[in-house]
Every structure is written in C-alpha cells, then in structure tokens.
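Written out below as structure tokens is the structure these notes cover.
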Amino acid sequence: MKAFSPKFLLLSGIALAIPAIADRVARRAAGRGYSAWTGEDPPRNPATVGVTWTQAIVWTALAGAIGGVARMASRKALSGAGLPAEE
C-alpha cells in the first residue's frame, strides 16, 4: 500500500469537499431565484400537499442542472490547480 503524506490527504479532503460546497451554494442561489420568479418557496418535498407535478419537475430540473454545473466547474478548476480530484 502506498503511504500518503499528510499534505496529500489534506488536499484530497479539500478537493472532495469543494465540489459538494459548490453544489450546495448553487442550489441555494437557485432556490432564491425560484422564489423571486414564482413568489413561492421551492418545493423541497414533492409529496407535500399543494405541490403540483409542474412545480416539482421545474424545481428538480433547475436545481439539478445548476448544482451539476457547479460541481463540474469546481472539479475542472481543481484539475487545473494540480489538486487531486475524484475520478
């Protein structure tokens, strides 16, 4: 087994955390945009009474697309910075 230095392990942890944080921040921003656009909070649970199929689908597509792009962009930036990236 290959021995990893503490620096490598720290950088690996950071490289794994950054995409998750970027996803969370992007989804929060999407939630604010959804609220501004519709005047309602995003439907966090589609099983909630009063949430229509349209609302659930629009929110899921919007949040998924924005979160996915944020994760991809952060991974791309990490690969250019020389940090270890998940494969």
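Any read-out appearing in this document is the output of simple, stated calculations on the displayed coordinates, not a laboratory observation. Since the structure is predicted, the reported quantities are computational estimates derived from the model, not experimental observations. Counting neighbours? That spans all protein chains shown, and the Cβs are built from the backbone with ideal geometry, glycine included.
Remarks
- Of Ala73, Ala65, Ala47, the residue with the greatest mean-square motion in the GNM of the chain, using alpha carbon springs below 10 Å, is Ala47.
- 0 to 90° range, to nearest 10: angle between helix 6-38 axis and the chain longest Cα axis: 10
- Taking 0.36 nm per residue of separation and subtracting the Cα-Cα distance, full extension of the segment from Ala56 to Ile21 would add 10.3 nm.
- The calculated 222 nm mean residue ellipticity attributable to helices in the chain amounts to -26000 deg cm²/dmol, summing -39500 (n - 2.57) over DSSP H runs of n ≥ 4 and dividing by all residues.
- Most mobile of Gly13, Gly64, Gly31 in a GNM of the chain (Cα contacts under 10 Å): Gly13
- Loop-located trypsin sites (Lys or Arg not before Pro) in region 7-87 (DSSP state not H, G, I, E or B) with no more than 12 neighbouring Cβ atoms inside 10 Å: Arg44.
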